[in-house]
Amino acid sequence: METYLHMSSKEINRLEVIQKLAGKQIRQQEASVILGVSIRQVKRLLQRYRKQGASGLISKQRGGKSNNQLSEDSKRKALDALKSKYTGFGPTLAREKLVEQEKLQISTESVRQLMIAEGLWKARPVRKLVAHQLRERRACFGELIQIDGSPHDWFEGRATPCTLLVFIDDATGKLVYLQFVNSESFFSYGQACTQYFQSHGKPVAFYSDKHGIFRVNQSSVGSSDALTQFGRAMQELDIQIICANTPQAKGRVERVILTLQDRLPKEMRLLQINSRQAGNAYLPTFIEHFNQRFAVPPRSSLDAHRSLTPQENLDTILTWQEQRIVSKNLTLQFDKVVYQIQTDRPGYALRKASVTVCRDAQHKVTLLYKGKPLSYNVFHQQASQSEVVLSKDLNQSIPRQPTKPAPDHPWRNYAQPKNRKPTPALPGGDTSTWENK
């Protein structure tokens with residue numbers, strides 16, 4: 001009676017080589033090179049073939065349990081932790097926590113298969129690859145810093161949603177600065193840059209998107225050389241701003257934001273961080289652990305950061321600055337406020353002079369003339385009527401409540417005509433018809 005053997009392609013190739021070896025068509029050394037095993041293993045295979053035939057070359061482990069199979073006790077401990085402490089974690093991050101916190105020796109793929117079997121993770125379909133032109137990393141640390149902001153519920157409902165400002169080095173992939181802020185604005189980026197410059201120095205260039213903070217997007221401005229407030233400040237600090245045309249062009253910061261949105265909220269959940277202040281205090285520790293795992297060495301050991309010069313006063317440069325012309329009465333208007341300049345010099349010396357109005361994040365105003373501050377008094381301040389809100393920050397703005405008319409408003413004094421009176425309500429509540437007395 002004929003018997004059928006189930007052999008893999010590897011076992012079929014092994015059978016052909018051993019048959020040639022048994023027929024003395026090749027030597028043992030040649031067979032060991034072809035099969036990728038030692039000569040002693042070739043002798044064992046030849047001996048098994050002569051005793052059992054082709055069935056002797058079939059793996060003895062087929063149908064049995066793997067030697068590296070996860071034990072049932074380890075599976076139970078892993079599932080208990082995944083369903084209690086690490087709910088919502090992805091397989092990679094969950095495996096890290098199981099190894100660090102639970103002391104389980106388990107692979108990422110084992111965690112993924114456990115989560116899929118329990119319905120805790122859905123296998124993602126393979127996305128269609130889209131080819132984008134690759135850009136080589138910069139060579140030096142500090143040569144190019146990619147910056148962006150990410151509005152997200154970072155505290156998973158335990159605190160109000162906010163925005164995370166992300167600074168990442170292009171050469172190394174290191175997170176160089178993170179900060180939770182209300183929203184992306186000139187002053188929030190100015191505060192972040194101040195702390196970043198004090199820690200690392202000035203980079204050669206910033207790489208950002210085309211947000212209105214970094215680039216003038218209004219065609220009515222006319223000039224292509226027009227600068228935003230952030231652009232003007234970086235120009236004074238000799239830092240180039242490069243705006244990407246597509247999200248893929250600054251893919252490094254885009255990808256790291258997706259990683260942060262997955263990892264950072266879960267890390268803060270485990271540490272019971274429930275406020276923005278506590279989150280900002282934890283960010284340096286998170287950056288250190290993140291860089292140890294994901295950063296890569298640069299091609300060059302040169303640090304391209306530059307130190308701040310004594311003339312570069314960040315308290316003045318990173319303020320909102322606008323130019324105003326002083327009137328004959330030595331007054332100027334800025335943000336609906338009229339400022340009266342107080343000076344001991346002759347009044348005609350400042351008439352028609354160009355003055356720089358600087359406003360900081362605390363709304364403190366400084367008037368600069370030829371780089372020196374001027375004394376002033378607030379002459380008149382108009383009531384605020386409307387507020388301009390960027391479309392990106394529209395959801396975070398507080399809607400204005402309707403104003404209740406004053407008791408003496410003319411609308412309240414409208415008298416009804418003496419020769420008319422409303423008719424009784426018709427069936428159905430219709431009171432739209434009137435009749436004379």
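The values are calculated or read from the model by the stated rules, or taken from the named source; none is laboratory data. Not measured: the values here are computed from a predicted model. Glycine gets a Cβ as well: all are built from the backbone with ideal geometry, and neighbour counts include every protein chain shown.
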Could you identify the single residue in Glu11, Glu30 that is in a helix (DSSP H, G or I), in contact (Cβ under 8 Å) with a residue 40 or more places away in the chain and surrounded by 13 or more Cβ atoms within 10 Å (Cβ to Cβ)?
Glu11
Residue satisfying condition, being out of contact with any Leu (no Cβ under 7 Å at 6 or more places or on another chain), within 30 Å of Ala94 (Cα to Cα) and modelled with pLDDT under 90, within set Gln52, Gln69:
Gln69
Does the range 209-217 contain at least one residue that is assigned by TED's automatic domain parsing to the domain that holds Trp154 and outside any loop (DSSP other than H, G, I, E, B)?
no
All but one of (1) crowded, with 17+ Cβ neighbours inside 10 Å; (2) under 27 Å from Val357 (Cβ atoms) hold for Pro203; state the number of the condition that does not hold.
(2)
Hey, can you tell me all the residues within the range 188-199 that are touching a residue at least 60 places away in the same chain (Cβ under 8 Å) and crowded, with 20+ Cβ neighbours inside 10 Å?
Gly190, Cys193, Phe197
Only one residue in Val17, Val37 is in contact with a helix residue (DSSP H, G or I) (Cβ under 7 Å, 6 or more places away or on another chain) and modelled with pLDDT of 90 or more, so which one is that?
Val17
Which residue pairs have Cβ atoms closer than 9 Å, lie 6 or more positions apart in sequence or on different chains, and pair a first residue in the range 200-215 that is among the hydroxyl-bearing types (Ser, Thr, Tyr) with a second residue that is part of a loop (DSSP other than H, G, I, E, B)?
Tyr207/Leu144; Tyr207/Asp170; Tyr207/Ala244; Ser208/Phe214; Ser208/Arg215; Ser208/Ala244
Please note which strands (runs of 3 or more DSSP E) are completely contained in the range 282-378 and include at least 3 residues that are exposed (fewer than 11 other Cβ atoms within 10 Å of the Cβ) and of a type in the set (S, T, N, Q).
none
Identify all residues within the range 75-107 that are touching a Ser or Thr at 6+ places or on another chain (Cβ under 9 Å) and either over 18 Å from Lys122 (Cβ atoms) or of a type in the set (Gly, Ala, Ser) (or both); write none if there are none.
Lys75, Ala78, Ala94, Glu96, Leu104, Gln105, Ile106
Sole exception among (1) out of contact with any strand residue (DSSP E or B) (no Cβ under 9 Å at 6 or more places or on another chain); (2) within 18 Å of Leu93 (Cα to Cα); (3) not basic (Lys, Arg) for Ala295, by number:
(1)
Restricting to the range 220-276, give me the number of residues that are in a loop (DSSP other than H, G, I, E, B) and either at pLDDT 90 or above or surrounded by 13 or more Cβ atoms within 10 Å (Cβ to Cβ) (or both).
11
Every residue from the range 254-280 that is closer than 20 Å to Asn182 by Cβ and in contact (Cβ under 8 Å) with a residue 24 or more places away in the chain
Ile257, Leu260, Gln261, Leu264, Pro265, Met268, Ile273, Asn274, Ser275, Arg276, Gly279, Asn280
Checked Leu120, Leu134, Leu164 against criteria (modelled with pLDDT under 95 and touching a Leu at 6+ places or on another chain (Cβ under 7 Å)); the one match is Leu120
